[in-house]
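Every number in this text was worked out from the coordinates using simple rules, so none of it is lab data. Remember, predicted model here, so these are calculated numbers, not experimental data. So basically every Cβ, Gly included, is an ideal-geometry build from the backbone, and we count neighbours across all protein chains shown.
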Amino acid sequence: MNTVQTLAQLRSCVAQARSAGKRIAFVPTMGNLHAGHIALITQAVARADFVIASIFVNPLQFGPNEDLDSYPRTLAADQSKLEAAGCDLLFTPSPQDIYPNGMAQQTIVSVPGVSSGLCGGSRPGHFDGVSTVVCKLFNMVQPDLALFGEKDYQQLAVIRKMVADLNMPIEICGVAIVRDSDGLALSSRNGYLNAQQRADAPALQQCMQSVKTHITNGNRDYAALFAQFNSDLQAAGFRLDYVELRDALSLEPADADSRNMVLLAAAYLGTTRLIDNLIIDL
């Protein structure tokens, strides 16, 4: 596996792959890789001839009081994991490579509708940062397909809409959530949890499963279900950010007639914010 930092180096490698007639898959990440990221690479290897990953901790998607400075940078370990999984090329640009004129003068890609509410409501400007950097990376790499984890469900919806609205010739593939043996969705931020918090963390998924069971059994009193969800989470030591039931495709709020839905939740355990989702098909 080769590692390159500059756009010129990246484009040279992409040109070689293209001239050989290879189908190119792309997996953008912020590093600190875990088994969920590696599942994306494994899927990419199965679907394409040449797999490119990127590691870039994107300052444009972090709020003023978020964890940009403390976000773990683990390049050597990440390189080993990517190479073992079959990645062909790693792109590790600096902020200066991505934003040569600074972020204040950067053209912003804003995706309306699906970026509103949920994480977009809790983290103002977050999805503008995500869509802008992913748009830039897509233009740099020019892949045939790109793979994203379904844990970040709203992010995946934002990227799908951006690609459709801007007529980008890129296939977007969602890959199922990878969970630890106790049900906790893998996340690079799980490493922030102390031992007691890590032991408590699966309660988020367990409380969500309880809501799903009630809904599949015919309970449509969503307000009461969410009130109980919040109570159960608080008892487990969490502070709720949001819990919502949305249409699984449009991300519009679900109603009593909705059949293909997604339950989305975010909650704090200490200072660590965890997110998760569950598909509910009736």
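Residues in the stretch 200-252 that are assigned to a loop (DSSP other than H, G, I, E, B) and under 23 Å from residue 273 (Cα atoms): 201, 202, 236, 237, 248, 251. The C-beta contact set for the stretch 182-198 (first residue assigned to a helix (DSSP H, G or I), second residue surrounded by fewer than 14 Cβ atoms within 10 Å (Cβ to Cβ), distance under 9 angstrom, 6+ apart or interchain) comprises 192/70; 192/271. Selection within the stretch 96-144: residues that are surrounded by fewer than 17 Cβ atoms within 10 Å (Cβ to Cβ) and among the hydrophobic types (A, V, I, L, M, F, W, C). The member of this set that is nearest to the chain's Cα centre (by Cα) is 108. Filtered by the rule that a residue be surrounded by fewer than 17 Cβ atoms within 10 Å (Cβ to Cβ) and part of a helix (DSSP H, G or I), the stretch 9-41 gives 9, 11, 12, 15, 16, 18, 19, 35.
Among the residues that make up the stretch 66-84, is at least one of them closer than 23 Å to residue 240 by Cα and basic (Lys, Arg)? Checking the stretch 66-84: not a single residue is closer than 23 Å to residue 240 by Cα and basic (Lys, Arg).
Checked against (1) touching a residue at least 40 places away in the same chain (Cβ under 8 Å); (2) within 15 Å of residue 26 (Cβ to Cβ); (3) among the charged types (D, E, K, R), residue 152 passes all but condition (2). In the stretch 54-62, is there at least one residue being farther than 22 Å from residue 6 by Cα and either surrounded by 14 or more Cβ atoms within 10 Å (Cβ to Cβ) or in contact (Cβ under 8 Å) with a residue 12 or more places away in the chain (or both)? Yes, the stretch 54-62 contains at least one residue that is farther than 22 Å from residue 6 by Cα and either surrounded by 14 or more Cβ atoms within 10 Å (Cβ to Cβ) or in contact (Cβ under 8 Å) with a residue 12 or more places away in the chain (or both).
In the stretch 17-54, what residues are on the phi > 0 side of the Ramachandran plot and among the charged types (D, E, K, R)? None - no residue of the stretch 17-54 is on the phi > 0 side of the Ramachandran plot and among the charged types (D, E, K, R), so the list stays empty.
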